Amino acid sequence: GACDFASTRRADGRRDRLEQRARERLEFLVVNSINLLGTYTGTLTINNDVTVSASLNVNAGTLTTGNFNLQVGGSWNTNGGTFSSNAQVLLNGSGNFSITSGGNSFNDLTLNDGLVGYWKLNETVAVG
């Protein structure tokens with residue numbers, strides 16, 4: 001399923017339980033999508049190589065992968081949040097997708113779509 005993160009805290013602690021369940025899903029190493037929603041103020045640290053079968057959206061907060069690789073099968077959208085990684089980001093979708101880095105750099109960015117995809121860079125993307 002999707003891993004959605006937001007920082008809207010309810011009196012009953014519901015956000016805490018939802019965030020914990022989303023973090024537990026990342027332990028399975030394959031998720032449908034990761035979405036750091038516009039209200040999220042925390043840091044999501046990925047401590048395994050993870051495959052995201054659809055899109056990744058970082059609209060707020062911070063996503064960090066340290067030395068762990070991240071594969072994304074859809075678009076990469078960083079619109080307001082922060083991304084950092086010392087490892088590889090592999091974009092491997094075979095369709096029409098876009099990359100919006102939000103000014104964040106990639107340490108190692110690989111596009112592997114089997115020559116059947118179309119990638120649109122929405123801005124200058126820094127790698128290195």
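I need the full set of residues from region 96-118 which are on the phi < 0 side of the Ramachandran plot, at pLDDT 70 or above and either surrounded by fewer than 17 Cβ atoms within 10 Å (Cβ to Cβ) or in a loop (DSSP other than H, G, I, E, B) (or both), in order please.
N96, S98, S101, N104, S105, N107, D108, T110, L111, N112, D113, listed by residue number.
Scanning region 34-56 for residues that are polar (S, T, N, Q) and over 15 Å from L90 (Cα atoms) turns up N35, T39, T41, T43, T45, N47. Among the candidates N86, N35, N57, the residue that is at pLDDT 90 or above and crowded, with 17+ Cβ neighbours inside 10 Å is uniquely N57.
Out of R15, R25, R21, report the one residue that is closer than 20 Å to V72 by Cβ, in a helix (DSSP H, G or I) and at pLDDT below 85.
Working: R15 fails: closer than 20 Å to V72 by Cβ; R21 fails: closer than 20 Å to V72 by Cβ.
Step by step, each of R15, R25, R21 is checked, and only R25 is closer than 20 Å to V72 by Cβ, in a helix (DSSP H, G or I) and at pLDDT below 85.
The C-beta contact set for region 54-79 (first residue free of Cβ contacts under 8 Å to residues at least 40 places away in the same chain, second residue open to solvent by 40 Å² or more (accessible area, probe 1.4 Å) and charged (D, E, K, R), distance under 6 angstrom, 6+ apart or interchain) comprises F68/D49; N69/D49. Does region 60-73 contain at least one residue that is farther than 16 Å from V30 by Cα and of a type in the set (F, W, Y)? No, because not a single residue in region 60-73 is farther than 16 Å from V30 by Cα and of a type in the set (F, W, Y).
The values are calculated or read from the model by the stated rules, or taken from the named source; none is laboratory data. Not measured: the values here are computed from a predicted model. With ideal geometry, Cβ positions are generated from the backbone for all residues, glycine too; neighbour counts draw on all protein chains shown. The area values use the complete protein model at the heavy-atom level, side chains included, leaving out ligands, DNA and RNA. Shrake-Rupley method; radii C 1.70, N 1.55, O 1.52, S 1.80 Å.
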